[in-house]
C-alpha cells in the first residue's frame, strides 16, 4: 500500500505484515494437517513455506513428502480437497477479516537440493588414505 505521498516506510510496514501473515499461515496449516485432516491421501507431509499476496487474498502453501511422484500427487489431491476447510480454520485461528484463498503446491526445492548434493558428492575427488 502506497499513500499519495509515495511513503516507502508504508511499503516496508505492509511487507512485514505480509511476512508475518505468511509465517502464521504456515504454522496454522501445519497444525491443521497434523491434527485435524484425516484424509489418508495426504500421508506424512511437511509444510515447508507459505507465501501470501500483498492484498492477503491469495496464499500458496508449499509442502514436501518423501516418496514417489504418485504419492506426492495423491497428497496434493488430498490437500486440494481440504482447501476449503483449511481456509475456514485459518481465518478463525488468525482472526483475519478476509481468509486468503489457499492453493497447495509441491515444494520441489528439497528434491532439487538433494539432487545437487548427489551431483556434488559424485564429483568429489576420492579421498586418499596417505594423509
Subset of region 79-125 (residues that are farther than 22 Å from residue 24 by Cα and part of a helix (DSSP H, G or I))
111, 112, 113, 114, 115, 116, 117, 118, 119, 120, 121, 122
Would a scan of region 84-101 turn up a residue that is modelled with pLDDT of 95 or more, closer than 19 Å to residue 22 by Cβ, touching a helix residue (DSSP H, G or I) at 6+ places or on another chain (Cβ under 8 Å) and loosely packed, with under 14 Cβ neighbours inside 10 Å?
yes
Does region 102-119 contain any residue that is over 16 Å from the mean Cα position of the chain (by Cα) and surrounded by 12 or more Cβ atoms within 10 Å (Cβ to Cβ)?
no
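The values are calculated or read from the model by the stated rules, or taken from the named source; none is laboratory data. Keep in mind that this is a model prediction, so the values were computed, not measured. FYI the Cβ positions are ideal-geometry reconstructions off the backbone, even for glycines, and counts take in every protein chain you see.
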